[in-house]
Amino acid sequence: MARKLLLFFIFLLTFSTSVFCQNDDDVRDRQILEQAANEVHDVVASPNPFSVTTRIRFFADTEIELEFFVKDLLGNTVFSKKLKTKKGANSIAFYRDELASGIYIYSLKSKTKIISKRIVIK
């Protein structure tokens with residue numbers, strides 16, 4: 001009986017140690033995700049809807065490399081551009097060019113996240 005109790009105690013100690021280690025990793029992962037979530041924020045297109053041009057405005061907490069792309073509703077990329085942000089307010093001019101009227105999805109993609117929103121061309 002004492003041997004079973006000792007084995008159970010060792011199992012319980014091992015299991016609880018591994019659970020606490022995972023919690024430390026989870027906290028670290030959450031901190032990384034929260035930091036990534038704050039890289040780029042307050043993304044807005046203005047004017048929206050637009051007929052000729054719109055400006056995508058956003059704030060960056062640090063200088064980072066982004067990919068800006070626009071897709072149609074079928075998922076086809078109709079525009080793509082790589083850029084480097086500056087800390088603070090940033091903006092990207094987007095011109096309609098030959099695109100048909102309709103709804104498009106624009107995205108800002110960093111190494112850790114993608115922010116996507118809708119624009120409408122009149």
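Results, tabulated for the structure shown:
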{"item": "Failed condition for residue 113, given (1) at pLDDT below 95; (2) touching a strand residue (DSSP E or B) at 6+ places or on another chain (Cβ under 7 Å)", "result": "(2)"}
{"item": "Any chance residue 94 is over 16 Å from the mean Cα position of the chain (by Cα) and surrounded by 11 or more Cβ atoms within 10 Å (Cβ to Cβ)", "result": "yes"}
{"item": "Search result, residues across region 50-75 that are closer than 17 Å to residue 120 by Cβ and assigned to a loop (DSSP other than H, G, I, E, B)", "result": "51, 52, 73, 74"}
{"item": "Whichever residue in region 97-122 is within 12 Å of residue 68 (Cβ to Cβ) and among the hydroxyl-bearing types (Ser, Thr, Tyr) and, among such residues, is surrounded by the fewest Cβ atoms within 10 Å (Cβ to Cβ)", "result": "116"}
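The values are calculated or read from the model by the stated rules, or taken from the named source; none is laboratory data. Note that the structure is a prediction, hence the values are computed from the model and not measured. Every residue, glycine as well, gets a Cβ built from its backbone with ideal geometry; the counts of neighbours run over all protein chains shown.
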